[in-house]
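What follows draws every value from the coordinates through simple rules; no lab data is involved. Keep in mind that this is a model prediction, so the values were computed, not measured. Here Cβ is always computed from backbone atoms with ideal geometry, including for glycine, and neighbour counts include all displayed protein chains.
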Amino acid sequence: IAIVEGKVSSVRQSSKVTFLNFGRSGFKGVIFKEQFPLFMTSGVSIASYKGKLVRISGKIKEYKGDLEIIVRHPSAIEIVD
């Protein structure tokens, strides 16, 4: 398990997936719709991560040339600032 720290430059949401984009680095935190209820019940608004310095923990994978961590629980994201 790795921990990646960076500023979330944008949050892109669709009905199936949300991406927390870390700017020019190409790194992303990926939250699939199956996890959306976990965020809602824990009182976390996924959109609130935009502009925040965060730490995301999980397994780093490569997908279409970019690195990402698939976020399976809100506890995998820590707001630093």
*Size of charge dipole - the chain - debye, nearest 20, with Cβ of Lys, Arg +1 and Asp, Glu -1, no other charges*: 200
*Can you run phi through the Karplus equation (6.51, -1.76, 1.60; θ = phi - 60°) for the range 26-40 and list ³J(HN,Hα) in whole Hz, with x for Gly and Pro?*
x, 6, 9, x, 10, 10, 8, 4, 4, 8, 3, x, 4, 5, 5
_Just to confirm a number: summing +1 for Lys and Arg and -1 for Asp and Glu over residues other than residue 15 whose beta-carbon lies under 13 angstrom from that of residue 15, what do you get?_
+2
*Going toward the positive end of the dipole of the chain, with +1 on Lys and Arg Cβ and -1 on Asp and Glu Cβ, which of 6, 19, 71 do you reach last?*
19
*Taking 7 Å along the Cα-to-C-beta vector as the label spot, tell me the residue 61-residue 40 distance in nanometres, rounded to one decimal.*
2.4
